[in-house]
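Quick notes on the structure that follows.
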Amino acid sequence: MISCNFLCKIHNALVDAKGNTAPFGGINIIFTGDFAQLSPVSGKQLYAHLDLRHCATTQGQKSIFSRLLWLLTNTVVLLMKIMHQSGSENEWFVETLACLCQGKYTDDCDWKDAPIIVCDNESKDELNIRMTTAFAQRTRHTLHWYHCTD
């Protein structure tokens with residue numbers, strides 16, 4: 001997935017190249033991607049909630065403009081059949097991915113201790129606390145917290 005800032009850069013480059021101030025320099029654009037993937041490494045994702053408190057900044061205005069560009073998309077094609085992991089040997093994996101993507105996976109799975117990737121430290125810290133506490137309860141161990149300073 002690309003960030004709002006990157007979409008704005010694409011738009012500006014096409015406007016300059018074509019000499020046309022219409023969105024994306026007046027040419028048709030085909031976007032492809034997987035919305036179930038991680039957010040952009042830096043910048044605001046195109047489909048995220050915009051914080052209007054930052055609209056007075058240049059970056060905030062670019063994010064709003066990019067979001068408006070994104071909303072100009074008038075045709076969407078959803079590909080529903082997974083082709084990359086096809087075959088009967090991958091059936092369980094494909095079903096598991098679909099459940100995870102739709103948020104329908106239940107707590108009775110064997111993924112309780114699986115790593116979770118997040119994009120910010122606040123989420124990481126909260127997940128570490130929750131997962132450590134749950135692990136201690138599940139294994140009936142006393143949890144001890146130790147804090148250090150550098």
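The values are calculated or read from the model by the stated rules, or taken from the named source; none is laboratory data. Computed from a prediction, not measured in an experiment: that's the story for all the values here. Please note: Cβ atoms are built from the backbone with ideal geometry, for glycine as well, and neighbour counts cover all protein chains shown. Side chains included, ligands, DNA and RNA excluded: accessible areas come from the protein's heavy atoms. Shrake-Rupley method; radii C 1.70, N 1.55, O 1.52, S 1.80 Å.
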Please verify whether residue 86 is in a loop (DSSP other than H, G, I, E, B), polar (S, T, N, Q) and touching a residue at least 60 places away in the same chain (Cβ under 8 Å), treating the condition exactly as stated. no
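Restricting attention to segment 50-65, report how many residues are closer than 20 Å to residue 11 by Cβ and either free of Cβ contacts under 8 Å to residues at least 12 places away in the same chain or assigned to a helix (DSSP H, G or I) (or both).
11
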Mind checking which residues of segment 53-102 are more than 20 Å from the chain's Cα centre (by Cα) and of a type in the set (Ser, Thr, Tyr)? 57, 58, 75, 86, 88
Just the residues that are acidic (Asp, Glu) and open to solvent by 100 Å² or more (accessible area, probe 1.4 Å), please, taken from segment 45-94. 89, 91
Tell me which residues, restricted to segment 1-44, are in contact (Cβ under 8 Å) with a residue 12 or more places away in the chain, among the polar types (S, T, N, Q) and exposed (fewer than 11 other Cβ atoms within 10 Å of the Cβ). 37, 42
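Let's see how each residue does on (1) at pLDDT 80 or above; (2) not basic (Lys, Arg):
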| site | (1), (2) |
| --- | --- |
| 15 | yes, yes |
| 22 | yes, yes |
| 36 | no, yes |
| 81 | no, no |
| 85 | no, yes |
| 88 | yes, yes |
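How many residues are under 18 Å from residue 34 (Cα atoms) and not β-branched (Val, Ile, Thr) if we restrict to segment 48-73? Give the steps one after another, and end with the answer.
Step one: of segment 48-73, the residues under 18 Å from residue 34 (Cα atoms) are 48, 67, 70-71, 73.
Filter once more, so that each one left must be not β-branched (Val, Ile, Thr): 48, 67, 70-71.
So the answer is 4.
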For residue 120, the lone unmet condition from (1) of a type in the set (D, E, K, R); (2) open to solvent by 80 Å² or more (accessible area, probe 1.4 Å); (3) modelled with pLDDT of 85 or more is (2)
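Do we have any residue at all in segment 3-18 that's in a loop (DSSP other than H, G, I, E, B) and either out of contact with any Lys or Arg (no Cβ under 9 Å at 6 or more places or on another chain) or hydroxyl-bearing (Ser, Thr, Tyr) (or both)?
Looking only at segment 3-18, we keep the residues that are in a loop (DSSP other than H, G, I, E, B), and these are none.
There is no residue in segment 3-18 that is in a loop (DSSP other than H, G, I, E, B) and either out of contact with any Lys or Arg (no Cβ under 9 Å at 6 or more places or on another chain) or hydroxyl-bearing (Ser, Thr, Tyr) (or both).
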